[in-house]
Amino acid sequence: MSMAKAVEKLYEMGAEAKRKMGEETDNQLLKAIKENPGWTPYYLAQELRWQVGRVDGSLRRLQKQGKVNVKQFLRHGRVVKKIYPSEYQPKHSSVFEIPMKMLDNPEAWLQKEVTIYALSRNSIGLSPDPIESWEHKAWRKFHVKAERMNNNIQLNLPEEVAEFYGLLNSEVGLSTSRNEALLTVEATIMPITDEKE
C-alpha cells in the first residue's frame, strides 16, 4: 500500500469515528430534549455536563435533520432560545404538573380537591389542605381536581386564573414545601420567531 493510500485510509477512519461521535452526542442531546422540552441550550448543557458549544453544534445537526424545533423568546429584554422535540405538543397554558417526588404526600392531592390561592399578582398557592395564612391573604380561591400523569400531579387551572396571570406568555417557576406548592409568574415572554437553518 502506498503512503498516499495509507494516509487516505487513516483520514477516512478518522472521519468515520468523528461522525459516530457526533451521532452519539446527538442521540444523548435528543434524549435530554425529549425529557426536558422547552429548556434552553444553557440548561441542557448543565444537565449533560457539556460545554454550551457542544450543545449548539449538536442542535444545528438535529435541526437540519428535522428532529428539534428552536423557538426564540424575548425575556427581560434578552433573546432566549427554547428547544423542543419536533413532535412536541405544548400543554395548554393552564395545565401544570408537579413532580410527585417534590411533595411529602402526593396521594392527598389525588384524594380531594386542591385549593388554588390567588395570593398576589405573581404568586399562586396550591394545596390539598387549607393553609391558614393563605386563606386570609388570597384575594380569590378556586378548587380543582388533580390527576396523576406518569410521576406527576397534573392540575388544570381555571381559565380565569390563566388569563389573569397571563400564563400563555409567562415563565412560571415552581417551588414546594412539605405538601404545598407555589407557582411564581417570573417573566413575560414574547415569542419572536421560529429559528430556521
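Quick notes
- Extension gain, Q154-R178: 0.36 nm per intervening residue step, less the Cα-Cα distance, totals 6.9 nm.
- On the beta carbon distance between M21 and Y42, with R0 = 30 Å, the FRET formula returns roughly 0.85.
- In degrees, nearest ten, helix 3-35 long axis to first principal axis of the chain (Cα): 10 degrees
- Among [x] 149; [y] 137; [z] 116, the entry that matches volume of the Cα convex hull per residue in Å³ as calculated here: [x]
- Qualifying trypsin sites (Lys or Arg not before Pro) in segment 73-106, DSSP loop, other Cβ atoms within 10 Å at most 13: K91
- For the listed residue pairs K82/K145; K20/K101; K20/K64; K31/K112; K20/K71; K18/K81, the alpha carbons are over 25 angstrom apart in K82/K145; K20/K101; K31/K112; K20/K71; K18/K81.
- Cα-Cα separations in segment 95-187 greater than 22 Å, expressed as whole percent: 19 percent
- Of the residues S94, S86, the one with the fewest other Cβ atoms within 10 Å heads the list, and the complete ranking is S86, S94.
- A simple spin-label model places the labels of S86 and K5 4.1 nm from each other, with each point 7 Å out along Cα-to-Cβ.
- Between A108 and L168, the modelled labels are 3.5 nm apart [label points 7 Å from Cα along Cα→Cβ].
- Helical content of the chain, expressed as a calculated mean residue ellipticity at 222 nm, amounts to -11500 deg cm²/dmol (DSSP H runs of 4 or more residues, -39,500 (n - 2.57) each, divided by residue number, nearest 500).
Read the figures in this text as sums done on the coordinates, not as results from a lab. It should be emphasised that the depicted structure is a prediction, and the values quoted were computed from it without experimental measurement. Ideal geometry is used to build each Cβ from the backbone, glycine not excepted, and the neighbour counts take in all protein chains shown.
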